Each structure stands twice: as structure tokens, then as C-alpha cells.
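Let me begin by presenting the structure, written as C-alpha cells, before commenting on it.
The values are calculated or read from the model by the stated rules, or taken from the named source; none is laboratory data. Values in this document were obtained by computation on a predicted structure and should not be read as measured data. Here the Cβ positions follow ideal geometry from the backbone for every residue, glycine too, while neighbour counts run over all protein chains shown.
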Amino acid sequence: MTAHPVTLHVCLACRAAGDDDAVRAGARLHAALADRLDGRSDIRLSGVECLSVCKRPVTVAFVAPDKWTYISADAVHPDEVIDAAERYAASEDGRVPWRERPPLLKSGLVARIPPQSEPSR
Ligand code: FES
């Protein structure tokens, strides 16, 4: 089975203390991720306007077909975001075992959403 690429959504509008309208933490994180992910096809970077977790910049979301979606906040370090995306990609259904999660998927976790294929009760 071929693994689907992970889509990594990054809020471009998230603003850290001291940011002005022109330069925001979300846009800075997105630019740093774009540099690091250039040439990779396993993680697709997507800049979005807002993920509605505005008080905890920067917010990111990990999405892939048939996997749980994870939304995390307080993302600052691009290498940690990529590490989380790689662990998410390697997981069977998006749920990374607790002991293997980076802080972004522990204390930074805001929500997880089941895949469309998840049977309802
Ligand atoms: S401004 Fe980033 S989540 Fe709303």
C-alpha cells in the first residue's frame, strides 16, 4: 500500500507578541517550513488564513486520507513541526502512540477529528 502524503496546514495569520500586521509568526513558520520541505513529496505544506485557535500561535493541522486529523497549537520550531508530521505520516491511522509524541502532539494538542471512514456508534 502506498502511503498518502500528509497535508500540513499552517495558519499564516497567527500573531505572536510584538508582531505587526506585515510579519506574523504564522507566516514566518510557514516560510521556514517551506525551506525545509522543499523537494519533499511526503509532506504537502498548505498556508491557511485561520484555524480558529488564535490565542495560541502558531496553529497547525495534520491531515491525510483515512487518518484522524490533529490540530496543534503553540508551534514555534519548524523542526518540531516536521518531526510531528513525520510521526503522523508513519502512524497507521494518524494516532501517534503517546510515548512517541513530540510536545506539539501532547501539550500543544487542541483537538483530533476522526476520519470520514470512521464508523459511527
Ligand atoms: S489567527 Fe491563527 S488560528 Fe486564528
Boolean, Ala84 is at pLDDT 95 or above and either surrounded by fewer than 16 Cβ atoms within 10 Å (Cβ to Cβ) or not in a loop (DSSP other than H, G, I, E, B) (or both): yes
Which numbered condition Ala75 fails, given (1) crowded, with 19+ Cβ neighbours inside 10 Å; (2) modelled with pLDDT under 95: (2)
So Ser91, is it closer than 17 Å to Ala64 by Cβ and at pLDDT below 95: no
Whichever residue in the range 46-55 is farther than 13 Å from Leu12 by Cβ and within 8 Å of the ligand (Cβ to nearest atom) and, among such residues, is surrounded by the most Cβ atoms within 10 Å (Cβ to Cβ): Val53
Residue count, the range 1-17 (criterion: within 19 Å of Cys54 (Cβ to Cβ), surrounded by 15 or more Cβ atoms within 10 Å (Cβ to Cβ) and out of contact with any helix residue (DSSP H, G or I) (no Cβ under 7 Å at 6 or more places or on another chain)): 1
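Being more than 16 Å from the ligand (Cβ to nearest atom), assigned to a loop (DSSP other than H, G, I, E, B) and among the basic types (Lys, Arg) narrows it down to one residue among Arg95, Arg15; which is it?
Matching residue, one of Arg95, Arg15: Arg95.
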Search result, residues across the range 18-31 that are buried (at least 17 other Cβ atoms within 10 Å of the Cβ) and away from the ligand (no atom under 12 Å from the Cβ): Arg28
Some residue of the range 75-84 being under 15 Å from Val10 (Cα atoms), among the charged types (D, E, K, R) and within 15 Å of the ligand (Cβ to nearest atom): no
